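Below: one structure, written as structure tokens.
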Amino acid sequence: MSSKTLYDKLWDAHLVRQDEDGTALIYIDRHLIHEVTSPQAFEGLRIAGRTPWRTDSILAVPDHNVPTTNRSEGIADPVSRLQVETLDRNCVDLGITEFLMNDPRQGIVHVIGPEQGATLPGMTVVCGDSHTSTHGAFGALAFGIGTSDVEHVLATQCLIMKQAQNLEIRVDGQLAPGVSAKDVVLAIIGKIGTAGGTGCSIEFTGTAMQDLSMEGRMTVCNMAIEAGARAGLVAVDETTIKYLANRPYSPKGELWDRAVASWQQLHSDPDAVFERTVRLDATRLKPQVTWGTSPEMVAAIDGVVPDPDAEPDSVKREGMRNALAYMDLQPGMAITDIRPDHVFIGSCTNARIEDLRAAATTVRGRKVAAGIKQALVVPGSGLVKAQAEAEGLDKIFITAGFEWRQPGCSMCLAMNADRLEPGDRCASTSNRNFEGRQGPGGRTHLVSPAMAAAAAVTGHFSDIRKEQG
Amino acid sequence: MEKFNTHKGVVMPLDRHNVDTDAIIPKQYLKSISKTGFGPTLFDDWRYVKAGEPGMDHSKREIKEDFVLNQPRYQGGSILLARENFGCGSSREHAVWALDDYGIRAVIAPSYADIFFNNSFKNGLLPLVLSEDDVDALFKAVEANEGYELTVDLEKQQVVTPDGETYSFDVDEFSKYCLLNGLDDIGLTLQHADEIKEYEDKRKIEAPWLFA
Ligand code: SF4
């Protein structure tokens, strides 16, 4: 038998059929659903007189639109309310499990899947959301789909796909204290660009990836999509298996043992061939801050805003000029001189318990700086929030001057009331710094949780390695 | 789904790379539970002076005169000419629905983000790929000639210029077949229902925890 990459193993295990031109039907094990990209799919299903193929594969949760304050009073915005109610109704009608808005297990779909053990190694996982790549951290083939495909999976339990290419990103060496998974993935995107992974499934390998916790691996895979790849993967190891033991949806007893035995095969064979390998040296990585309107526009904390005139490619140069004009930054400016007026700690990239701990460690005993208009902490799920409160993290944040909110996507994409005003500048732990992403005219700098916390207490981007020093 | 065979239309040049789905349709419009009505808010932030909200009368909003969709010479355009990595960012199919609702039938670019590319076919919008040089040549031609029209012939896989010059493009056989015939791919997949069931039966034995 020839050697296979992890991606190829997962692909082969889910292949229902394949045409000569390579078009394949791939079976889907887990379908996660939220309120924004599902209503039109359910409607389409109904209009065609079809029913879901396998409701027990589905887990639904409202997250994008939910308010993060006073939630017991319901949703004030009638348009958002209708969307959440539509999800609730569709789930009741079709017998789909949903964690309702006020369920303690509610949270961002990509946080709760793993937290519940609903994401398991060897699965195919889909969701009508591009950051589904997060779940690849478990050695699962996970990718975001559009609404037509949500409907397709509902109706057939399959997707029509073509096999992707294999890209290996190998990060070896030990990260310096203060340098986190977020910095690793931002550095990767800075290196290969936002289209660097197009048409590929990325497997993240190397000792630095093995050393990361599951939460760190999720942060890295979460942003595989920002590098243009639909899927990111990390091989299964002891860390993966330990994380999953005794989660509500994890298999139990004899099934657990059988599952673990099978999961232990979920790694690329030693002589498997990747179409391309990109290497990074973890020991050289520094905390990262994006300065532009695309995640690839990123610099190290001790760097400066780059000069478009030095860019040889004319289209890129124009893109940089547009970005700097939008961000209101000057070439040559030190990154540490950039002063955000908002801080957002949240999103499916960085709102898990370890993220909140890292931020709290920086904030402890300090105050949010005078120039910061608003500093938000939005836990990724109700269970993360409860855990943080049990550890007293909420007190640390609140004492420092942060707002402690209820879980949801919140200011990651500003579909609810949490948003930037035009011209506001935000240090954000989310994953996209596109124009208007956090509110029309808002300016976003992507950073790690510790870096966001450091910016909050110092009033400008600061080198966390010194802050912790 | 609407069939796509040949289409002739005015070309609108959008000279930016990495146009993301947040720019194509900002999130405040994603609260809709329907697939239509997104046309007036396509490229909302670039098109209007102030940010809009769902439910507004968009025809009354102040526009940015110099944005390509607002220029008189591109009115009624139905082919969008774009740069590399068009449609990057989120999975929102609303981006495709907005292009479609505006009246765009084909996009021409050197490359697309995967999910956007996939979503387009499912809605009868043809995302066709030409080389960077060809796209560059088309940008020059569009800007030099008012009312510049192209013909997209899916059957022949060709883009034809007003001078009769042709550019060939590749398209995957399955997607082409679905587009030419306006076919719903769910129906096609369900023709293989027996194979899906067979697969499930086999998997229930191999990996029963996936069905617990
Ligand atoms: S937190 Fe942000 S990126 Fe993650 S699912 Fe929600 S909106 Fe998408």
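What residues from the range A:154-170 fall in the zone where the backbone N is under 11 Å from a label point 7 Å along the Cα-to-C-beta line of A:E275?
A:163-168
What accessible area per residue comes out for the range A:295-352, rounded to a whole number of Å², with a 1.4 Å probe? Don't skip to the end; give the middle numbers.
Numbers: 2320 Å² over 58 residues.
On a per-residue basis, 40 Å².
Ignoring the sites themselves, what is the longest stretch of chain B with no GluC sites (Glu not before Pro) in a DSSP loop and at most 14 other beta-carbon atoms within 10 Å? Could the numbers behind the result be given before it?
Details: sites that count: B:E2, B:E62, B:E65, B:E146, B:E155, B:E165.
Longest run free of exposed loop sites: B:66-145.
Run the accessible area of chain B with a 1.4 Å probe and give the carbon-and-sulfur part as a rounded percent.
Using a 1.4 Å probe with all protein chains present, chain B comes out at 47 percent carbon and sulfur.
List for the range A:27-45: residues with 50 Å² or greater reduction in accessible area, all protein chains versus chain alone, probe 1.4 Å?
The answer is A:Y27, A:Q40 - residues whose exposure falls by at least 50 Å² when every protein chain is included.
Count the net charge of all other residues whose Cβ sits under 12 Å from the Cβ of A:G382, scoring Lys and Arg as +1 and Asp and Glu as -1.
The answer is 0.
If you keep only loop residues by DSSP, which trypsin sites (Lys or Arg not before Pro) in the range B:1-43 have at most 15 other Cβ atoms within 10 Å of their Cβ? Display every interim value, and only then the final one.
On the way: sites: B:K3, B:K8, B:R16, B:K27, B:K31, B:K35; in loops: B:K3, B:R16, B:K35.
When the trypsin sites (Lys or Arg not before Pro) of the range B:1-43 are filtered for loop state and at most 15 Cβ neighbours within 10 Å, B:K3 remain.
Please arrange A:D394, B:D100 by accessible surface area, largest first, computed with a 1.4 Å probe and ligands excluded.
On the way: A:D394 20, B:D100 60 Å².
The residues order as B:D100, A:D394, largest area first.
For the range B:36-144, what does the alpha-carbon gyration tensor say about shape, rounded, prolate or oblate, given a ≥ b ≥ c as the root eigenvalues, a/c under 1.5 as rounded, and a/b over b/c as prolate? Write down the numbers at each step before the final one.
On the way: a/c = 2.02, a/b = 1.25, b/c = 1.62.
Here the range B:36-144 falls in the oblate category.
Give the cross-link partners of B:K3 among the lysines, using a straight C-alpha distance below 21 Å as the criterion and excluding same-chain residues fewer than 8 apart.
Candidates past the 8-residue exclusion: B:K35, B:K122, B:K156, B:K176.
Counting other Cβ atoms within 10 Å, which trypsin sites (Lys or Arg not before Pro) in the range A:264-321 have at most 16 and lie in a DSSP loop? Working shown, then result.
Numbers: sites: A:R276, A:R279, A:R284, A:K316, A:R317, A:R321; in loops: none.
Listed in order of number, the matching sites amount to none.
Need one number: % antiparallel among DSSP beta bridges in the protein assembly as shown, to the nearest 5. The partial results should precede the final answer.
Details: 24 of 76 bridges.
Percent antiparallel among DSSP bridges in the protein assembly as shown is about 30.
Using modelled backbone amide H atoms (1.01 Å from N, in-plane), which distant-in-sequence or interchain residues come within less than 5 Å of A:E98's amide H?
Close amide H contacts, sequence-distant or interchain: A:A60.
Are there any residues in the range B:7-54 with a reduction of at least 30 Å² in accessible surface when going from the isolated chain to the assembly of protein chains? Probe 1.4 Å, please list them by number.
Those are B:R16, B:H17, B:N18, B:D20, B:D22, B:K27, B:L30, B:K31, B:I33, B:K35, B:D45, which lose 30 Å² or more relative to the chain on its own.
Would you mind checking which residues have amide H under 5 Å from A:S448's amide H? H placed 1.01 Å from N; only 5 or more apart, or other chain.
A:Q288
What is the protein assembly as shown by shape, rounded, prolate or oblate, if you read a ≥ b ≥ c off the alpha carbon gyration tensor as root eigenvalues and call it rounded for a/c under 1.5, prolate for a/b larger than b/c, and oblate otherwise?
The shape class here is rounded.
Starting from 0.36 nm per residue, how many nanometres of slack lie between A:D237 and A:R284 once their C-alpha separation is accounted for? It would help to have the intermediate numbers written out before the result.
On the way: separation 47, 0.36 × 47 = 16.92 nm, distance 2.54 nm.
Full extension from A:D237 to A:R284 adds 14.4 nm.
Measure off, as a whole percent, the carbon and sulfur share of the 1.4 Å-probe accessible area of the range A:192-259, all protein chains present.
Numbers: 1130 of 2190 Å².
The value for the range A:192-259 is 52 percent carbon and sulfur by accessible area.
Please check the range A:62-99 for residues whose accessible area, probe 1.4 Å, is lower by 10 Å² or more when all protein chains are in place than in their chain alone.
A:D77, A:V79, A:L82, A:Q83, A:T86
Using the basic label-point model (7 angstrom from Cα toward the beta carbon), what is the B:V49 to A:E403 distance in nanometres?
3.0
Can you work out the accessible area per residue across chain B, with the rest of the protein chains kept in place, probe 1.4 Å, in square angstrom?
Values: 8780 Å² over 212 residues.
About 41 Å² of surface per residue is accessible.
Probe radius 1.4 Å, ligands and nucleic acids left out: can you give me the accessible area buried at the A-B interface, summed over both chains, in Å² to the nearest hundred?
Chains A and B together bury approximately 5400 Å².
Residue by residue through the range A:9-14, which ³J(HN,Hα) values in whole Hz follow from phi under the Karplus form 6.51 cos²θ - 1.76 cosθ + 1.60 (θ = phi - 60°), with glycine and proline marked x?
3J(HN,Hα) across the range A:9-14, in whole Hz: 4, 5, 4, 4, 5, 10.
Along each of its three principal axes, how wide is the spread of alpha-carbon positions in the range A:382-469, in whole angstrom units, largest first?
Computed over the range A:382-469, the largest-to-smallest principal extents equal 36, 33, 20 Å.
List the residues of the range B:1-30 whose backbone N lies under 18 Å from a point placed 7 Å from the Cα of B:N181 along the Cα-to-Cβ direction.
What the label zone holds, given the 18 Å backbone N cut-off, is B:1-6.
May I ask for the net charge around A:Q116, where only other residues with Cβ less than 11 Å from the Cβ of A:Q116 are counted and Lys, Arg are +1 while Asp, Glu are -1? Each step should come with its number before you reach the end.
Details: positive: A:R30, A:R105, A:R247; negative: A:E115.
Neighbourhood net charge equals +2.
Sticking with the crude label model, points 7 Å out along Cα→Cβ, report the distance from A:L94 to B:V171 in nm, one decimal please.
Result: 3.0 nm between the two label points.
Would you please give the residues with an amide H less than 5 Å from that of A:T205, counting only those at least 5 places away or on a separate chain, with H modeled from the backbone geometry?
Long-range HN contacts for A:T205: A:I169, A:R170, A:V171.
Given a 1.4 Å probe, how much area per residue of the range A:94-247 is accessible, in Å²?
Values: 3380 Å² over 154 residues.
For the range A:94-247, the per-residue accessible area is 22 Å².
Between beta-carbons, use under 14 Å as the cut-off and find the net charge around B:D134, counting Lys and Arg +1, Asp and Glu -1.
On the way: positive: B:R83, B:K140; negative: B:E84, B:E132, B:D133, B:D136, B:E165, B:D170.
After counting each charged neighbour, the total is -4.
Kindly write out, for the range A:208-223 in residue order, the coupling ³J(HN,Hα) from the Karplus curve 6.51 cos²θ - 1.76 cosθ + 1.60 (θ = phi - 60°), rounded to whole Hz, with x marking Gly and Pro.
Along the range A:208-223, the couplings run 5, 6, 5, 6, 6, 6, 4, 5, x, 5, 5, 4, 5, 5, 3, 9 Hz.
Can you tell me how the range A:214-279 classifies by the Cα gyration tensor, rounded, prolate or oblate, using a/c under 1.5 as the rounded cut?
Oblate, because a/c is 1.5 or more while a/b does not exceed b/c.
So how much slack lies between A:H460 and A:R339, counting 0.36 nm per residue of separation and subtracting their Cα-Cα distance, in nm?
Numbers: separation 121, 0.36 × 121 = 43.56 nm, distance 0.42 nm.
Gain in length upon complete extension: 43.1 nm.
Could you give each residue of the range A:43-59 its phi-based ³J(HN,Hα) in whole Hz, using Karplus coefficients 6.51, -1.76, 1.60 with θ = phi - 60°, and x for Gly or Pro?
Taking θ as phi minus 60°, the curve returns 5, x, 4, 5, 4, 7, x, 9, 10, x, 5, 8, 5, 6, 8, 9, 10 Hz for the range A:43-59.
Could you give the nm distance between label points at B:L188 and A:N322, where each point is 7 Å from its Cα heading toward the beta carbon?
3.3
When we measure straight from the Cα of A:K385, which lysines land under 27 angstrom away, once same-chain ones fewer than 8 places off are left out?
Output for A:K385: A:K182, A:K242, A:K252, A:K367, A:K373, A:K395, B:K27, B:K31.
The values are calculated or read from the model by the stated rules, or taken from the named source; none is laboratory data. Note that this is a predicted model, so its numbers are computed, not measured. FYI the Cβ positions are ideal-geometry reconstructions off the backbone, even for glycines, and counts take in every protein chain you see. These accessible areas exclude ligands, DNA and RNA; they are computed on the full protein's heavy atoms, side chains included. Shrake-Rupley method; radii C 1.70, N 1.55, O 1.52, S 1.80 Å.
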